[in-house]
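Asks: There's a structure below that I have some questions on.
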Amino acid sequence: MRLVFVRHGESEGNAEERLQGHADYGLTPTGRAQSQELRERFRNENLRPTHIYSSPLRRAAETVQIVTSIWPIQVTYWGELKEQDIGVFSGLTWDEISAKYPEVAQQFQMSRDWEIVDGAETLESLRDRGRHVLLALKALHTNDDAVLVFTHGGILQHMVAELMGTGRTWEISVHNTALFEFIL
């Protein structure tokens, strides 16, 4: 199976330097242009996906609508592909977090422990969700399939780590419309 992961285009939240989590932002004009460029790249590379999945959050859904307009394939929106739920930090800038939750913000900046953030999904839970997505994709598809998955930087890092067979997740910079391709 050919498996291609794509991070969404630049969102309004990205442009405003907000931690998004499940906050639902649309694409900026730059994000729409990035998505159009990715569509052209896929057209030039003659990519022919057999299945397309996307997070239902607007920034991913808008990206998938723009990129996949060249194929007559129905997109499956899948909640498991949503970004990490970051609880009360969702939709806030670091300045807003520091002002609204000063003690938690300070502890979080030192520990990076999501368990101290009210309502946040733990990294273990996120990693489990990423593993579940991969197991489901492997069960649903054959070696001849080309599967295109539109998602978010946080969950994407955990899926990549899982595919690499490592228990460690790095905080790699995943730019808007970045893609990761694997042959399974």
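The rows are residues; the columns are (1) more than 15 Å from the chain's Cα centre (by Cα); (2) more than 19 Å from Leu57 (Cβ to Cβ); (3) surrounded by fewer than 19 Cβ atoms within 10 Å (Cβ to Cβ); (4) among the charged types (D, E, K, R).
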residue: Asn143; (1), (2), (3), (4): yes, yes, yes, no
residue: Gly167; (1), (2), (3), (4): yes, yes, yes, no
residue: Ile172; (1), (2), (3), (4): no, yes, yes, no
residue: Glu181; (1), (2), (3), (4): no, yes, yes, yes
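Asks: If you take the residues in region 63-74 that are touching a residue at least 40 places away in the same chain (Cβ under 8 Å) and among the hydrophobic types (A, V, I, L, M, F, W, C), which one is most open to solvent (accessible area, probe 1.4 Å)?
Replies: Per the stated criteria, the residue is Ile66.
Asks: Which residue is farthest from Val64 (Cα to Cα), if the candidates are limited to region 149-184 and must be of a type in the set (Val, Ile, Thr), assigned to a loop (DSSP other than H, G, I, E, B) and touching a residue at least 40 places away in the same chain (Cβ under 8 Å)?
Replies: Thr169
Asks: Answer yes or no as to whether Leu81 is under 24 Å from Thr169 (Cβ atoms), among the aliphatic types (A, V, I, L, M) and open to solvent by less than 70 Å² (accessible area, probe 1.4 Å).
Replies: yes
Asks: Can you work out which of the residues in region 4-51 that are touching an Asp or Glu at 6+ places or on another chain (Cβ under 7 Å) and among the aliphatic types (A, V, I, L, M) is surrounded by the most Cβ atoms within 10 Å (Cβ to Cβ)?
Replies: Restricting to residues being touching an Asp or Glu at 6+ places or on another chain (Cβ under 7 Å) and among the aliphatic types (A, V, I, L, M), the top hit is Leu27.
Asks: Checking the condition touching a residue at least 40 places away in the same chain (Cβ under 8 Å) and under 25 Å from Leu140 (Cα atoms), which residue from Leu19, Leu38, Leu47 passes?
Replies: Leu47
Asks: Looking at Ser98, Ser90, which one is farther than 22 Å from Ile155 by Cβ, of a type in the set (Ser, Thr, Tyr) and open to solvent by less than 60 Å² (accessible area, probe 1.4 Å)?
Replies: Only one candidate qualifies: Ser98.
Asks: Considering only residues that are open to solvent by less than 80 Å² (accessible area, probe 1.4 Å) and over 20 Å from the mean Cα position of the chain (by Cα), which ones fall in region 114-125?
Replies: Those that are open to solvent by less than 80 Å² (accessible area, probe 1.4 Å) and over 20 Å from the mean Cα position of the chain (by Cα): Ile116, Val117.
Asks: Something else about it: Filter region 91-122 down to the residues that are part of a helix (DSSP H, G or I) and either closer than 24 Å to Pro56 by Cβ or small (Gly, Ala, Ser) (or both) and list them by number.
Replies: Once the filter is applied, which keeps residues that are part of a helix (DSSP H, G or I) and either closer than 24 Å to Pro56 by Cβ or small (Gly, Ala, Ser) (or both), region 91-122 yields Ser98, Ala99, Ala105, Ser111, Trp114.
Asks: Go through (1) in contact with a strand residue (DSSP E or B) (Cβ under 9 Å, 6 or more places away or on another chain); (2) under 17 Å from Tyr53 (Cβ atoms) and name the single condition Ala136 misses.
Replies: All conditions are met except number (1).
The values are calculated or read from the model by the stated rules, or taken from the named source; none is laboratory data. Predicted model, so just to flag it, every value in this text is computed and none were measured. Counting neighbours? That spans all protein chains shown, and the Cβs are built from the backbone with ideal geometry, glycine included. Side chains are part of the model used for accessible areas, which takes the heavy atoms of the whole protein and leaves out ligands, DNA and RNA. Shrake-Rupley method; radii C 1.70, N 1.55, O 1.52, S 1.80 Å.
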